[in-house]
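Structure record follows, encoded as structure tokens.
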Amino acid sequence: MNRASVFVPLIVLIVLAVGCREERPLSFEPNLVHTHKYEVKEGYSMRQAADDTTWVINEMFGGPDVPKLPDVITKDEDLAKLVSMDNLVLASGPALEEGRGLYRKHCADCHGISGNGRGPTAAIINPYPRDYRTGVFKFKTTARGHKPVREDIAKSIRLGIAGTAMRPIEGMTEAGIQALTDYVIYLSLRGETERTIVDAAIFELDLEGGDRIINPALKNAISEEDKASFAEQWEFVEDTVADISAAWLEAEEEVVEAPEPPKDIPVANSHAEFVTLAAGPQADVVAKSVKRGRELFKGKIAACSKCHGEDGLGNGQTTDYDDWTKDWTSRIGLDPLKRELLVPLLARGALPPLTIHPRNFSEGYFRGGDKADDLWIRIVQGIEGSPMPAATFVEGEFEADDVWHLINFIRSLQKLEGVQSPPVKSETRTVSITSLPSR
């Protein structure tokens, strides 16, 4: 049974209730988990820093009904290309308003109004929906450590993410997909700026001694000294926004393209193709490739079996966490298993830690795409934000061409053509767990 299926009846109730709620003006939720984790780590109050950060972020980016972009973006010829204001208008706002509200209608129930991965249904979805505010995305075509290109995000919206609750949006036009893509970038840019100015302040300012990230009272200051002080604080935030925005633009230069497989290694783009190859004229060559892939999979260098299990059933290392969880637990010295220590952070918006489960290859789905090139990129670059590392090649033992053998072995493990949770019927409509967006 799909682990999530036991939660479906409750999801149905929540979705139905959410669908009937009355629209009202909303505001973005401040990232109190991020500021409070520093209270835990540093031992002093972050309340003033949180208030100052909330003010400047809202001043620059507006709100969920009336989004805006900082001048440092709109007045720069290159940065202005990052996000379309027309698309932001289309994606933002109330779900019931004509010509607007795409994000709130299709995404916010899972990903949250603020893009924090904490919408009304989030707590009962495993894995949790993506929190965009770290600026990290798992499934992308760029090198590790770099932002995704916009098509990576559009692809996830267009096709969904196999094996999770995120499914394609029925009837969504390409224009709508592009609008949602821009809005996800906007939410990520806003959220990462919020986090980054707090991070920088921790290291560069004496917050305990009374230094301020920014003092809103000085915005309309009269004295030259106060004007200069505010201008310096504002410039600090603008520089942060510019740097993060530039990283998004630079992603196009970091796209990783899988090479053509060697002519002596047959590689399929689907399980069905693999079955055909394995039974055809190249059967012996495919069998040798699978054997080599199995050796690599279980070997000490590729070491795939350490997490995925000896037979690729996802039953190896199952006690690790993703980076979104580690960010506010182990990285500040908190054990994710000691829930009593996590209560203050859970009360401020963190979701209870869930261990991350390696892929069970027998199920036959791949969250970032199932084409051979998709698998090659994820093996070579790893999966950002997860425990899956980038491949380490060793001459004569594990080389780039060997990745194709690994792919063939992984294909050979599939037992089914595809896995999808069965729909659960409510009295008013049929709702499937796979119709809800997820991480």
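One table, with the values for the structure above:
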{"read-out": "Cross-chain or 6+ apart pairs with Cβ under 6 Å, region 364-378 first and over 10 Å from Ile407 (Cβ atoms) and without any contact (Cβ under 8 Å) to a residue 24 or more places away in the chain, then among the aromatic types (Phe, Trp, Tyr) and assigned to a helix (DSSP H, G or I)", "value": "none"}
{"read-out": "Per-region count, region 238-268, residues surrounded by 15 or more Cβ atoms within 10 Å (Cβ to Cβ) and over 24 Å from the mean Cα position of the chain (by Cα)", "value": "6"}
{"read-out": "Residue ID - farthest from Leu32 (Cα to Cα), chosen from residues in region 191-229 that are touching a Lys or Arg at 6+ places or on another chain (Cβ under 8 Å) and part of a helix (DSSP H, G or I)", "value": "Leu218"}
{"read-out": "Meets criteria (charged (D, E, K, R) and buried (at least 22 other Cβ atoms within 10 Å of the Cβ)) for Glu194", "value": "yes"}
{"read-out": "In region 22-69, residue surrounded by the fewest Cβ atoms within 10 Å (Cβ to Cβ) [restricted to those that are touching an Asp or Glu at 6+ places or on another chain (Cβ under 8 Å) and under 19 Å from Tyr103 (Cα atoms)]", "value": "Pro25"}
{"read-out": "Residues located in region 93-103, provided they are touching a residue at least 60 places away in the same chain (Cβ under 8 Å) and crowded, with 20+ Cβ neighbours inside 10 Å", "value": "Leu102, Tyr103"}
{"read-out": "Filter pass, Arg359 being crowded, with 16+ Cβ neighbours inside 10 Å, out of contact with any Leu (no Cβ under 8 Å at 6 or more places or on another chain), closer than 19 Å to His146 by Cβ and among the basic types (Lys, Arg)", "value": "no"}
{"read-out": "Candidate set from region 309-343 (those that are part of a helix (DSSP H, G or I) and among the acidic types (Asp, Glu)); member that is farthest from Pro387 (Cα to Cα)", "value": "Glu340"}
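The numbers here are math on the coordinates, done by the rules we state, and not lab data. Everything numeric here is computed off the predicted structure, so don't read it as measured data. Note: ideal-geometry Cβ built from the backbone for every residue, glycine included; neighbour counts use all protein chains shown.
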